[in-house]
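Student: Following this message is one structure expressed as structure tokens.
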Amino acid sequence: MVGIRLIVIMAIVGGLIAYIADKMGSKIGKKKMSVFGLRPKHTSILLTVFSGVVISVVTICVMAMASNSARTALFGMDKIQRELKSLNLEKIMATEALAKAEADVKSKNLTISELDEKIKQSTEENDAIEAKLADVNSKYALAQGEVASLSEAKKQLNNEIDELEKTTQALREGIINIREGQVFYRAGEVVYAGVMHGGLSHEENMAQINWLLQNANEMALQRLGIQNEDKNIQAIWVSKKVVDNALQALDKSHGNMLFRIRTVANIIVGELVICDIEMTENQFIYSDGALIYEESVDLNVPNVNYNNIILNFLNRVNHTAVQAGVLPDPLTGKVGNMDAAMIIEVNNEMRRFGGKVVLKAYARGDITTAGPVLVRLEVQPENE
């Protein structure tokens, strides 16, 4: 609005001055007036030029009075240019400072990113260390529990050793008229054997193991000729670990198992019978009346020995039963005994038939891994 008003004023003032100058020029021309000795024509031109100058001056003055911007443009241009140059310089400096600041920000952002990555890595390492520490603490607590358990086991073992020493002393004092150094158990000999029933509760299995150990102890005392009326004399010793392993095996078993308590070394009279426990499944081997072994024998040879024929036949029956799964005696390798009456009867039968005969051994009762192998012998002519 200021610019429009300024233009309108300048147009009015310029027109008014031009009008006055035209009237003055007309009057001067008509009257043929002269200024500074000039001709009227030249005086008119001079007046016209002067009018133009006046119009310009008046226009500038009006603009200066009417507009602050015009005054600044007319009289403060140099200052404006200096300020503009100064502002441009400041702009350049500000731009450079901004670029430097942006570079610094970028560098700092990069540093921050690196620090964030290190913090993340450190956090992960800290989490891993805390996890390891927790694991170590758990293992330490477990180890402390094991130490306490071992201490208790050591205490119990010391008590067992004390009891064993007392038992050993009692055995030594209770053995009379037995020659010093006499071996009454050989290494690996079976002290006692029994069939344990599987599929029972843990408490019932413990009762079975205790029964087995008590019977083994009684057998050892009987062999020594010691009366154990108060049931407080211990002749055998089996480590707690061996007993625990036997109990664990019986807990896991669903069928019957054969347990044999065997000596681990030669035992001298007066020493504790240190034993191990041998365990195996008590499998069904032969049913009653099953044929175990048969063999053809020619009795027509000169100087035939009937007893040797029977004993060799029984050895092969023993070998066949062992291969079938019957557990033999660890010292003798035998799985059963034959009474003399049956041997005499078979001997007479072979003498009666003569020639070629077939010897047959049948199971007398059901036979399992535990044995013993009881047999019934038959003699038949080979042509039957």
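The values are calculated or read from the model by the stated rules, or taken from the named source; none is laboratory data. Not measured: the values here are computed from a predicted model. All Cβ positions, glycine included, derive from the backbone under ideal geometry; neighbour counts span all protein chains shown.
Student: Looking only at region 210-225, decide whether some residue is assigned to a loop (DSSP other than H, G, I, E, B) and at pLDDT 75 or above.
Tutor: Yes; the residues of region 210-225 include at least one that is assigned to a loop (DSSP other than H, G, I, E, B) and at pLDDT 75 or above.
Student: For region 268-310: of the residues being assigned by TED's automatic domain parsing to the domain that holds Q248 and more than 30 Å from N256 (Cα to Cα), which is modelled with the lowest pLDDT?
Tutor: Once the filter is applied, the top-ranked residue is G270.
Student: Can you find a residue that is within 18 Å of A370 (Cα to Cα) and either surrounded by 15 or more Cβ atoms within 10 Å (Cβ to Cβ) or among the small types (G, A, S) (or both) anywhere in region 231-244?
Tutor: The answer is no, given that none of the residues of region 231-244 is within 18 Å of A370 (Cα to Cα) and either surrounded by 15 or more Cβ atoms within 10 Å (Cβ to Cβ) or among the small types (G, A, S) (or both).
Student: Residue by residue through region 179-222, note down the ones that are within 49 Å of the chain's Cα centre (by Cα) and polar (S, T, N, Q).
Tutor: S201, N205, Q208, N210, Q214, N215, N217
Student: What do you reckon, is Y306 of a type in the set (F, W, Y), out of contact with any strand residue (DSSP E or B) (no Cβ under 8 Å at 6 or more places or on another chain) and touching a residue at least 24 places away in the same chain (Cβ under 8 Å)?
Tutor: Here the answer is yes, as Y306 does meet what is asked.
Student: Follow-up. What are the residue pairs meeting all of these: first residue in region 188-200, first residue assigned by TED's automatic domain parsing to the domain that holds K252 and under 12 Å from I267 (Cα atoms), second residue among the small types (G, A, S) and at pLDDT 90 or above, Cβ atoms under 8 Å, and 6 or more apart or on different chains?
Tutor: Close Cβ pairs (under 8 Å, with a partner that is among the small types (G, A, S) and at pLDDT 90 or above) amount to V191/A216.
Student: Residue check: is N315 more than 30 Å from M196 (Cβ to Cβ), over 60 Å from the mean Cα position of the chain (by Cα), surrounded by fewer than 15 Cβ atoms within 10 Å (Cβ to Cβ) and of a type in the set (S, T, N, Q)?
Tutor: No; evaluated as a whole, the condition is false for this residue.
Student: Moving on. Exactly one condition in (1) under 22 Å from L374 (Cβ atoms); (2) of a type in the set (S, T, N, Q); (3) outside the structural domain of M350 (by TED's automatic domain parsing) is false for S253; which is it?
Tutor: If we test S253 against (1) under 22 Å from L374 (Cβ atoms); (2) of a type in the set (S, T, N, Q); (3) outside the structural domain of M350 (by TED's automatic domain parsing), just (1) comes out false.
Student: Please find, among A131, A193, A187, the residue that is modelled with pLDDT of 85 or more, farther than 30 Å from I233 by Cα, surrounded by 10 or more Cβ atoms within 10 Å (Cβ to Cβ) and among the small types (G, A, S).
Tutor: Among A131, A193, A187, only A131 is modelled with pLDDT of 85 or more, farther than 30 Å from I233 by Cα, surrounded by 10 or more Cβ atoms within 10 Å (Cβ to Cβ) and among the small types (G, A, S).
Student: Have a look at V297, V335, V379, V357 and point out the one that is surrounded by 17 or more Cβ atoms within 10 Å (Cβ to Cβ), closer than 30 Å to A193 by Cα and of a type outside the set (D, E).
Tutor: V335
Student: Hey, another quick one. I'm told R172 meets every condition in (1) at pLDDT below 85; (2) over 30 Å from E271 (Cα atoms) except one. Can you identify the failing condition by its number?
Tutor: Result: R172 fails condition (2) only.
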